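Okay, structure first, notes after.
The values are calculated or read from the model by the stated rules, or taken from the named source; none is laboratory data. Computed from a prediction, not measured in an experiment: that's the story for all the values here. Here the Cβ positions follow ideal geometry from the backbone for every residue, glycine too, while neighbour counts run over all protein chains shown.
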Amino acid sequence: MGWLIWIGAALLLGIVELATVDLFFLTLALAALAAGGAGAVGGSFWIQLGVFVGVSILLLAFVRPWARNLLQKSTPNIATNAQGLVGKRAVVTAPLMGSEGRVRLEGGIWSARSLDGRVFPVGSQVTVVGIEGATAVVGPSDEPVPTPPDREPPND
């Protein structure tokens with residue numbers, strides 16, 4: 001019956017690995033599976049614990065570094081979360097004067113501050129040069145603001 005606990009621990013460790021993607025918890029999950037296997041064939045608790053510790057050490061020392069290296073080589077260096085917004089264009093939605101203002105960025109409204117203290121009126125196009133907490137640091141953009149397909153410019 002103890003082997004079921006190891007299998008449950010392996011599942012929990014696998015779920016944690018999905019959240020971290022560091023391969024540390026994956027090695028522990030595999031070690032827990034090995035310990036569960038030892039328990040399923042009748043090994044005592046001490047044998048199960050020894051299998052868990054031994055397999056963990058082997059996987060952490062030899063397999064994890066190789067797998068991490070392989071993972072890093074096969075995935076490009078992609079900016080994620082807020083850093084993925086650097087370089088994106090935004091539109092000023094509330095007058096941007098120094099450190100106060102708002103911009104529409106990737107469909108959301110962000111507080112913003114100007115990189116160099118420049119003033120940007122509503123409707124100006126800016127480029128995100130950095131993210132500081134929940135504030136987008138913006139600079140000028142030379143490209144025109146695109147008109148969304150669902151909103152045509154007014155005919156005057």
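Picking from residues in segment 115-129 that are surrounded by fewer than 17 Cβ atoms within 10 Å (Cβ to Cβ) and of a type in the set (A, V, I, L, M, F, W, C), the one that is modelled with the lowest pLDDT is LEU115. Considering segment 5-23, and only residues there that are at pLDDT below 90 and either part of a helix (DSSP H, G or I) or of a type in the set (S, T, N, Q) (or both), the residue that is surrounded by the most Cβ atoms within 10 Å (Cβ to Cβ) turns out to be GLU17. Taking (1) free of Cβ contacts under 8 Å to residues at least 24 places away in the same chain; (2) under 30 Å from GLY130 (Cβ atoms); (3) not polar (S, T, N, Q) in turn, GLU17 satisfies each apart from (2).
Yes/no per residue for (1) within 30 Å of ILE15 (Cβ to Cβ); (2) assigned by TED's automatic domain parsing to the domain that holds ALA9; (3) in contact with a helix residue (DSSP H, G or I) (Cβ under 8 Å, 6 or more places away or on another chain):
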position: LEU70; (1), (2), (3): yes, yes, no
position: VAL92; (1), (2), (3): no, no, no
position: LEU105; (1), (2), (3): no, no, yes
position: ALA112; (1), (2), (3): no, no, no
position: PRO121; (1), (2), (3): no, no, no
position: VAL128; (1), (2), (3): no, no, yes
position: ALA136; (1), (2), (3): no, no, yes
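Among the numbered conditions (1) aliphatic (A, V, I, L, M); (2) within 30 Å of LEU33 (Cα to Cα); (3) at pLDDT 85 or above, the only one that LEU71 does not meet is (3). Would you please name the residue that is farthest from TRP3 (Cα to Cα), looking only at residues in segment 39-61 that are surrounded by 15 or more Cβ atoms within 10 Å (Cβ to Cβ) and in contact with a Gly (Cβ under 8 Å, 6 or more places away or on another chain)? Restricting to residues being surrounded by 15 or more Cβ atoms within 10 Å (Cβ to Cβ) and in contact with a Gly (Cβ under 8 Å, 6 or more places away or on another chain), the top hit is VAL51.
Among the candidates GLU132, GLU100, which residue alone is surrounded by 12 or more Cβ atoms within 10 Å (Cβ to Cβ) and acidic (Asp, Glu)? Every option except GLU100 fails the conditions.
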